[in-house]
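What follows is a single structure, written as structure tokens, with notes after it.
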Amino acid sequence: MSHRFFIPPNWITPPTVTLQGDVARQLRTVLRMQPGHTIIVLDNSGREWQVKLTEIGKSTAQGEIVSEEQVESEPKLHLTLYQGTLKAQKFEWVLQKGTELGVSGFVPLICQRSVVRDSAALTKKEERWQRIIREAAEQAGRGKLPHLEPALPFDQAMRHAYATPLRVMLWEEALAPGLKTALVKTNRIALFVGPEGGFTAEEAATAQQMSFKVVKLGPRILRAETAGLAATAAIMYELGEWE
């Protein structure tokens, strides 16, 4: 299987591709590729190019385009995961595995029970988070990079998601039936998952007032970093994205 790389669109100049910076260095020093090897490059448009390498230098590499085609692995469902902020490694796990599962967008969510609440500190992590998303998308064969929004306080996130046709909140104290009953055929879903400690009753009440479907995920209590991923997989399956 060819290695995949998301690159800036202006590096693709048919019939050739120029690779620079970290990508070129990875080809040369990490993967130890040689002229004649093939890779896949993507410009985040949903299309991919198969490229045969012709030259690999210290800081740049060149290749010839062999073929171009549409990536078929992108989900038709646009699911945005509003994940309550978590400690660093846990949140990075959600970004990585959520990207693999087909999440289209991530919004770090600052809630009443969030341990991590400093938006300035969260902003400093965005470059690392973007790299984690990119590497996961390359590994998973995605055709587009999930969008990462700046961290939002709970009330702002409610408004941010309001135009999404189906809005679902996972809350372990919900009286409503489970996740499956909340799902309807749609192409856009906003999924809200709480931090360690979950959402408060006040936050759940606000969501209900704004026409969110507030549901339990199941009979067991999952960790905050597990719940969103489990729900994403269930939603993708129920709405036909595993077929």
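Coordinate-derived values only; no laboratory data. Predicted model, so just to flag it, every value in this text is computed and none were measured. For neighbour counting, all protein chains shown are included, and Cβ atoms are generated from backbone atoms with ideal geometry for every residue, glycine included.
Considering only GLN62, LEU95, PHE5, and ranking their Cα positions along the charge dipole of the chain that arises from unit charges at the beta-carbon of Lys, Arg, Asp and Glu, the one farthest toward the positive end is LEU95.
Taking Cα pairs under 8 Å and at least six residues apart, what relative contact order does the chain come out at, in percent? Write down the numbers at each step before the final one.
Details: 474 pairs, mean separation 46.8, N = 243.
This gives 19 percent for the chain.
Each of PHE192, MET158, LEU79 was placed along the dipole of segment 78-238 (beta-carbon charges, centred on the mean Cα), and the one lying farthest toward the positive end is LEU79.
Only Lys, Arg, Asp and Glu carry charge here, each on its Cβ (+1 for the first two, -1 for the last two); on that basis segment 4-70 has a dipole of about 320 debye about its Cα centre.
Order the peptides 157-165, 65-73, 179-187 from the highest to the lowest mean number of other Cβ atoms within 10 Å of their residues. All intermediate terms of the calculation are to be shown ahead of the outcome.
Values: 157-165: 15.8, 65-73: 12.1, 179-187: 13.9.
Result, highest mean first: 157-165, 179-187, 65-73.
Let me make sure I get this right: for segment 56-189, a, b and c are the square roots of the gyration tensor eigenvalues over alpha carbons, sorted descending. Under 1.5 in a/c it's rounded, otherwise prolate if a/b > b/c, else oblate. Which is it? Oblate, since a/c reaches 1.5 and b/c is not below a/b. Descending by average beta-carbon neighbour count within 10 Å, the peptides 198-207, 21-30 line up as 198-207, 21-30, the highest first. Rounded to the nearest whole Hz, the Karplus-based 3J(HN,Hα) values (6.51 cos²θ - 1.76 cosθ + 1.60, θ = phi - 60°) of segment 78-84 follow the sequence 9, 10, 9, 9, 8, 9, x, with x at glycine and proline. Relative contact order of segment 1-119, taken over Cα pairs closer than 8 Å and 6 or more residues apart, is 21 percent.
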